[in-house]
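The values are calculated or read from the model by the stated rules, or taken from the named source; none is laboratory data. Quantities reported herein were computed from a predicted structural model and do not represent experimental measurements. We place every Cβ from the backbone using ideal geometry, glycine too, and count neighbours over all the protein chains shown.
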Amino acid sequence: MVTKNSNPNWAIIICTFGRRDRFFQCLTNLVWAVKKNGEPIQLIVMDNNPLKGLKKMVEIYLEESRLIRFRYIHDAISNQSELRNKSLKFILSSVNFLFFLDSDIYVAKLTILKINTYLKYNKEVKAVAPPLLSYVGGRQEIYRNKNKKNIQNGGDCFIMPDRSNYLISKKNGQLLQTNMLRGAFVVRKNILKRFFGKNPWHPVFKVWQNVPFFLTLKEKNVSFGYLLDDDIIALHDDRPHRDAIKSSMELWHSETIKSIILLFYRNELWKHKHQKNNGRFINVMKAVLSNHSTLAPNKNIYYSFQVAKILSKRDLIVKKLTRLSDEIEDAVFKTAIKLLLNCNQSEMRVVRSRDYERPV
């Protein structure tokens, strides 16, 4: 008989990021998926809500589940990257697969079963994710069924993979091999120790923390991608809410600009020889920067490159960045530079890539 005390092969890690309301919808879907899979799992909830009390609520909610071994950690001061890194200390030794799940994503009932089966028979694949759709309300099952017809080529509701991913990514059987995975993904535990140090997620990334993680895997020629299957579509709750990251993170715009600059810094994209292989990525970042800054697109890119270049130097960083900040007329961009100046320099150095020639 399977019980909570059986040794689980999966650990599911959820960082609440303040989204307590949506967390329980996420948990409801998850319980169904665990039940369909029929095997014990470990559930780790990293709760950064200011107020405690979630643990007891989850324990009552999971009372009748004999498949879930629950571990709760309350940490009100850590960001998403730090919470994920800390969660690794609590993973049971029997676990081989880690499912990182955002608390505003609702997985379909067969998600765990289908991914579990796929990874057992495709050992060369190290990470997979269900296609992620933008969800704006209504019955989930109807919403999924409506979009199933687009699973092989993408559609307007698909966040990841989007239409461009379908056009440029290699398809290997059910797997669409993209450059990154987002929001809900499963990785083999052994790749963390093999390819990363103690902190697979860089603490300096408060947003976009998955981008450098998957760029590293790509540089190591690790096989990963989206599993194209009608039964494992996941829904990202895009309805306006006070707990959404755009609303709950006061400096969200500046943090996003900071993350883009860090990616340019990571792969030395201010150098012309590296820009040639990364034209598409740079154009995408130019468009994103325009959503967060009032500067003209070319100025956004120019200043981002200049900041990244200064960060790569060992001397007079503060003086040079302060002088550059005085030139910039956008307050959000200026704040992004201040955030970079406040970053731990040793953590910044770890961000740097050792494979600059590979496209981002």
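Does Thr322 meet the test of being assigned to a helix (DSSP H, G or I) and either on the phi > 0 side of the Ramachandran plot or among the hydroxyl-bearing types (Ser, Thr, Tyr) (or both)? Before the answer, list the steps.
On the way: assigned to a helix (DSSP H, G or I): yes; either on the phi > 0 side of the Ramachandran plot or among the hydroxyl-bearing types (Ser, Thr, Tyr) (or both): yes.
Here the answer is yes, as Thr322 does meet what is asked.
Quick one: count up the residues across the range 283-308 that are buried (at least 18 other Cβ atoms within 10 Å of the Cβ) and either at pLDDT below 95 or farther than 15 Å from Met348 by Cβ (or both).
Step one: filter the range 283-308 for residues buried (at least 18 other Cβ atoms within 10 Å of the Cβ), giving 285, 289, 292-293, 295, 300-301, 303-308.
Now narrow it down to the ones that are either at pLDDT below 95 or farther than 15 Å from Met348 by Cβ (or both): 285, 289, 292-293, 295, 300-301, 303-306.
Summing the residues that are buried (at least 18 other Cβ atoms within 10 Å of the Cβ) and either at pLDDT below 95 or farther than 15 Å from Met348 by Cβ (or both) in the range 283-308 gives 11.
Being crowded, with 16+ Cβ neighbours inside 10 Å and either touching a residue at least 60 places away in the same chain (Cβ under 8 Å) or outside any helix (DSSP H, G or I) (or both) is the filter here; which residues of the range 57-73 pass it?
Matches in the range 57-73: Leu62, Ser65, Leu67, Ile68, Arg69, Phe70, Arg71, Tyr72, Ile73.
So which of Ser325, Ser290 is hydroxyl-bearing (Ser, Thr, Tyr) and under 30 Å from Asn150 (Cβ atoms)?
None of the other options fit; the residue is Ser290.
If you go through the range 218-244, how many residues are buried (at least 17 other Cβ atoms within 10 Å of the Cβ) and in a loop (DSSP other than H, G, I, E, B)?
Selection size over the range 218-244: 7.
Only one residue in Ala336, Ala331, Ala308 is within 26 Å of the chain's Cα centre (by Cα), farther than 25 Å from Glu219 by Cα and not acidic (Asp, Glu). Which one?
On the way: Ala331 fails: within 26 Å of the chain's Cα centre (by Cα); Ala308 fails: farther than 25 Å from Glu219 by Cα.
So the residue among Ala336, Ala331, Ala308 that is within 26 Å of the chain's Cα centre (by Cα), farther than 25 Å from Glu219 by Cα and not acidic (Asp, Glu) is Ala336.
Specify the residue that is surrounded by the fewest Cβ atoms within 10 Å (Cβ to Cβ); the eligible residues are those in the range 193-217 that are over 18 Å from Ser254 (Cα atoms) and among the aromatic types (Phe, Trp, Tyr).
So the residue we want is Phe195.
Can you list the strands (runs of 3 or more DSSP E) found entirely within the range 92-178 that contain at least 3 residues being aliphatic (A, V, I, L, M)?
Numbers: elements: 97-102, 105-107, 125-129, 132-135, 158-160, 170-172, 175-177.
Here the list reads 125-129.
Scan the range 191-211 residue by residue and report those that are β-branched (Val, Ile, Thr) and either part of a loop (DSSP other than H, G, I, E, B) or free of Cβ contacts under 8 Å to residues at least 12 places away in the same chain (or both). Can you show your working first?
Within the range 191-211, the first condition is being β-branched (Val, Ile, Thr), and the residues that meet it are 191, 204, 207, 211.
Scanning the range 191-211 gives Val204, Val207.
What residue, of Lys218, Lys198, Lys170, is touching a helix residue (DSSP H, G or I) at 6+ places or on another chain (Cβ under 8 Å) and either small (Gly, Ala, Ser) or more than 28 Å from Trp32 (Cα to Cα) (or both)?
Being touching a helix residue (DSSP H, G or I) at 6+ places or on another chain (Cβ under 8 Å) and either small (Gly, Ala, Ser) or more than 28 Å from Trp32 (Cα to Cα) (or both) holds for just one of Lys218, Lys198, Lys170, which is Lys198.
Let's see how each residue does on (1) within 20 Å of Glu82 (Cβ to Cβ); (2) modelled with pLDDT of 95 or more:
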{"residue": "Val2", "(1), (2)": "no, no"}
{"residue": "Asn5", "(1), (2)": "no, no"}
{"residue": "Ala11", "(1), (2)": "yes, yes"}
{"residue": "Cys15", "(1), (2)": "yes, no"}
{"residue": "Arg22", "(1), (2)": "no, no"}
{"residue": "Thr28", "(1), (2)": "no, no"}
{"residue": "Asp47", "(1), (2)": "yes, no"}
{"residue": "Lys52", "(1), (2)": "yes, no"}
{"residue": "Val58", "(1), (2)": "no, no"}
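Within the range 244-294, restricting attention to residues that are in contact with a helix residue (DSSP H, G or I) (Cβ under 9 Å, 6 or more places away or on another chain) and of a type in the set (Ser, Thr, Tyr), which residue is farthest from Phe205 (Cα to Cα)?
Among those residues, the one meeting the criterion is Thr294.
Could you grab me the full set of residues in the range 10-56 that are touching a strand residue (DSSP E or B) at 6+ places or on another chain (Cβ under 6 Å), touching a residue at least 24 places away in the same chain (Cβ under 8 Å) and in a loop (DSSP other than H, G, I, E, B)?
Thr16
I want to confirm something. Restricting to the range 125-138 and keeping residues that are at pLDDT 90 or above and not small (Gly, Ala, Ser), which single residue is farthest from Leu98 (Cα to Cα)?
To start, the set of residues in the range 125-138 that are at pLDDT 90 or above comprises 125-135.
Next, from what is left, pick out any that are not small (Gly, Ala, Ser): 125-126, 128, 130-133, 135.
Numbers: Val125: 14, Lys126: 11, Val128: 11, Pro130: 14, Pro131: 17, Leu132: 18, Leu133: 21, Tyr135: 24 Å.
The residue in question is Tyr135.
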